[in-house]
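Report on one structure; see the data block that follows.
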Amino acid sequence: MSPAQAPSGYWMAAAIDGKKIRAGRRAGKYILSPLQGGQYLTVHLGMTGKLLVGGTPAKHTHAIFTLDRGGVLLYDDQRQFGRILLSDSMPER
């Protein structure tokens, strides 16, 4: 299944389980992160999306990433215009 087919959260969770984020850079409202193993995790923040290190999941938390040192990275998006994508190559903006 390709990322263009909007993989389910379960599919994506299984695909990135145990992989380390090697880097991260921001390009406008996009966060581009190459993963261990060659894939790319792309977060589009939309209008109201944000990534929060730590904290407690709330009403608008749509993804929770568990970090290797015990913390969490939360993706909150009140208006749900953002997206999280997984791809095999660096995505084009």
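Relative contact order of the chain, taken over Cα pairs closer than 8 Å and 6 or more residues apart, is 27 percent.
Residues whose amide H lies under 5 Å from that of K29, counting only those 5 or more places away or on a different chain, are absent; hydrogens are built 1.01 Å from N in the peptide plane. Rolling a 1.4 Å probe across the protein heavy atoms gives the chain an accessible surface of 68 Å² per residue.
The string of couplings for the stretch 60-77 from the Karplus curve (6.51, -1.76, 1.60, θ = phi - 60°) is 9, 7, 10, 8, 10, 9, 8, 8, 5, 9, x, x, 9, 10, 9, 10, 10, 8 Hz, one whole number per residue in order, with x for Gly and Pro.
Can you divide the C-alpha Rg of the chain by 2.2 N^0.38 Å and report the result to two decimal places?
Values: Rg = 12.6 Å, N = 93, 2.2 N^0.38 = 12.3 Å.
Ratio of Rg to 2.2 N^0.38 Å for the chain: 1.02.
The values are calculated or read from the model by the stated rules, or taken from the named source; none is laboratory data. All values derive from a computational prediction rather than experimental measurement. Just the protein is used for accessible areas: all its heavy atoms, side chains included, with ligands, DNA and RNA removed. Shrake-Rupley method; radii C 1.70, N 1.55, O 1.52, S 1.80 Å.
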